[in-house]
Structures are given as structure tokens and as C-alpha cells.
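Everything on this sheet refers to the single structure shown next.
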Amino acid sequence: MKGFLLGLVFLAGVLIGYLIPVFPHLFVNPSVDFGEVLNAIVLLLVAIGINYVYTEQSGAKRSDTELLLYTVRDARSAFDALRLAALACERNQGLTNEEQLEIVVAKRELFNSIESIEQGLMQCRIKSQDMGFQRLKDACLLLMDALTDSPYPGPYDNASLSAIGRYSKLVRNELNRVAFAINHR
């Protein structure tokens, strides 16, 4: 790479050396004015300052985005755990106490992770209304209602299983939508 750049500079020098005698009117008088040098230095310092500020702001924003996406992944993991616990509901018998406890713990973990996302948005000064975050919370509540409505603790009839599946898909889609909204802000 270094050799390529040196070769490129050499070729540019040869080209300029060839063009000066052929087109003398294209080149500027080589005299230097102190004001022009000062203007160039100030312009360079301003460009460096703008680059520094931009780099700092974009780095902080990218860090915030990564942390927010991590909390969304955490919520997705909690949702997957709840969905796996809910799969036990599909049997034609009632849930055992351990399976009921799994659902309750997974439900609590999902709500805690949703709250973590909301806290992260507030910490980053992002309005949750702008992200449509309430839709995710509503979808989670619908899923929780479907999981704990009659005939909880099971066995669930086909209509209940259908509602659980429909609201599970809604929560998954809302988690994806929030992740995309965070990533594209």
C-alpha cells in the first residue's frame, strides 16, 4: 500500500512537471502571502474541530444505540423463555405448579426487560412515544392476558392457544420494530 501511494505521488509529480511548460497559464504565481497562510491554518483548525465534535457525538450515539439494542435482545430472550414456557400449555392437561411458576417468572422477566428498554430510552433522551413503545407494552399485556385467562392453568382450548400464538407473534413483531426504530434513529 505504501509503495502504491509513493508511485501515485511520483506519477502526479511527473504529470505536473510535464504540464507546467505546456500550459503555463493554468498555474498560479508561486508567491505566498502571510494572510493566505493564516487563512489556510485557521480553516484547517476549524475542520479539525468540526471533525472532533462530529466523531465524539457519533461515537456516543453509536454506543447508546448498541446498549439499547442489547436491552432489546435481552427482552427478546425473555420473550423466547416465556414462549417456551407457554408451549407447555399446548398439552391436553393442566399445568403443573412448576410450569405455572415458569410462566410467572418468564412473564416477570419480560416485563422487567421491557422496563429496562424504556429506562434506556429515557436515559438517551429518546421519547418512547416517538418510538411507538406503547404498542410493545400493549402487545405484552395482551399476551399476558391470553396466558393467564381462563382456563389458566390449563388445559387450554383451541381458541386460547390461537390467541396465545397470535399475541406471541405480535410481541415478536413489536420487539423487532422497536429494534429497527432504535437502529435507524
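The values are calculated or read from the model by the stated rules, or taken from the named source; none is laboratory data. It should be emphasised that the depicted structure is a prediction, and the values quoted were computed from it without experimental measurement. Here Cβ is always computed from backbone atoms with ideal geometry, including for glycine, and neighbour counts include all displayed protein chains.
Could we say that Arg135 is assigned to a helix (DSSP H, G or I) and touching a helix residue (DSSP H, G or I) at 6+ places or on another chain (Cβ under 8 Å) here? I'd like the intermediate steps shown before the answer.
Details: assigned to a helix (DSSP H, G or I): yes; touching a helix residue (DSSP H, G or I) at 6+ places or on another chain (Cβ under 8 Å): yes.
When the stated conditions are applied, Arg135 passes them.
Mind listing just one residue for me: the one in the stretch 92-109 that is assigned to a helix (DSSP H, G or I), touching a residue at least 40 places away in the same chain (Cβ under 8 Å) and of a type outside the set (Lys, Arg) and, of those, nearest to Leu68 (Cα to Cα)?
The first filter runs over the stretch 92-109 and keeps only residues assigned to a helix (DSSP H, G or I), leaving 97-109.
Remaining after also requiring touching a residue at least 40 places away in the same chain (Cβ under 8 Å): 99-100, 103, 107.
From what's left, of a type outside the set (Lys, Arg): 99-100, 103.
Details: Glu99: 31, Gln100: 31, Ile103: 26 Å.
Filtering first and then ranking leaves Ile103.
So Met122 passes all but one of these: (1) modelled with pLDDT of 85 or more; (2) surrounded by 13 or more Cβ atoms within 10 Å (Cβ to Cβ). Which condition number does it fail?
In the conditions (1) modelled with pLDDT of 85 or more; (2) surrounded by 13 or more Cβ atoms within 10 Å (Cβ to Cβ), Met122 misses (2) alone.
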